[in-house]
């Protein structure tokens, strides 16, 4: 066993030495590169994407000659259709956005640019469609996200939000801005409530003889604290603040979805898609994929996203740390195996 730990220590020393050297090299290489211009806008035609998927399947199912004939026929029909049209009327566009939430609604930083890009070119006959996956988080962060979506409504564009997994709490605050909410049957929606929780270490600090001092100006600059002793006055003030926030949340949802029985759905509970439909939290049960495929005949569909390019240093270091973790786990497994042999 002592030999194992010696080899393990030697391995760690070698890895750390290599890591330090690599970080140094990466820093030099990175300093010589051009300044990163930041995120870039990416536009993807989903009509083309779905057509390519269809052709890939047909290519597998057909023999070469049959598939070649199919492609020629497809091209001929497309050419004939364009030629026969005396006046070419552009089809309406469906702009697809994606938002995957976290506690801070971090993607709002790129979403705001995506919304700006869409609003710069969208026409009254166009539609905006968002795939939303968000279980909520900090109030003001999700409030900002909802305000960014309100820009689409203010532009008088048709706006649909699709929930395949979850739109709860702050996520539902965002969803309710849309003209229409569609959801998968087992998607989670609702949770119209407010929560605050924190541990308190006062008794532990008191037990080990550690004093905690906090000085404020203003009676309610700080209410409950993690380290000091909390009294009923502080707790009641926090509860009042939570209640006030809940009222704002209720009013916001009620304003955007006036048909809701807001008293019934603002209890903090969440519901699955079918239940949410009965409560009018959503308007239709359908997945985002089905919605988009159904729209292919009517719309030219474009997915709009801001791409954040990962720096060379981050790519190399990420790969290095991943390799190191795998090697460490491998050695740990070897150590465990040796205990049973």
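Could you list, in sequence order, all residues of region 162-175 that are crowded, with 20+ Cβ neighbours inside 10 Å and either in a helix (DSSP H, G or I) or in contact with a strand residue (DSSP E or B) (Cβ under 6 Å, 6 or more places away or on another chain) (or both)?
Within region 162-175, 162, 163, 166, 167, 168, 170, 171, 172, 173, 174, 175 qualify.
Can you pull out the residues in region 262-279 that are touching a helix residue (DSSP H, G or I) at 6+ places or on another chain (Cβ under 6 Å) and in a loop (DSSP other than H, G, I, E, B)?
Residues satisfying the conditions are 266, 279.
Take residue 148 and tell me if it is modelled with pLDDT of 95 or more and at negative phi.
The answer is yes for residue 148.
Rundown of residues vs (1) at positive phi; (2) within 22 Å of the chain's Cα centre (by Cα); (3) assigned to a loop (DSSP other than H, G, I, E, B), yes/no style:
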position	(1), (2), (3)
153	no, yes, no
160	no, yes, no
177	no, yes, yes
182	no, yes, no
193	no, yes, yes
203	no, no, no
216	no, no, yes
221	no, no, yes
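Among the residues of region 72-99, which ones are modelled with pLDDT under 80 and assigned to a helix (DSSP H, G or I)?
Across region 72-99, the qualifying residues are 74, 75, 76, 77, 78, 79, 80, 81, 82, 83, 84.
Here is a check on your reading of the model: is residue 133 assigned by TED's automatic domain parsing to the domain that holds residue 177 and part of a loop (DSSP other than H, G, I, E, B)?
So residue 133 fails the test.
Any residue in region 257-274 that is surrounded by 15 or more Cβ atoms within 10 Å (Cβ to Cβ), closer than 30 Å to residue 47 by Cβ and modelled with pLDDT of 95 or more?
Within region 257-274, one or more residues are surrounded by 15 or more Cβ atoms within 10 Å (Cβ to Cβ), closer than 30 Å to residue 47 by Cβ and modelled with pLDDT of 95 or more.
The values are calculated or read from the model by the stated rules, or taken from the named source; none is laboratory data. Note that the coordinates shown come from a computational prediction; the quantities given were computed from them, not determined experimentally. No Cβ is skipped: glycine too gets one built from the backbone with ideal geometry, and neighbour counts run over all protein chains shown.
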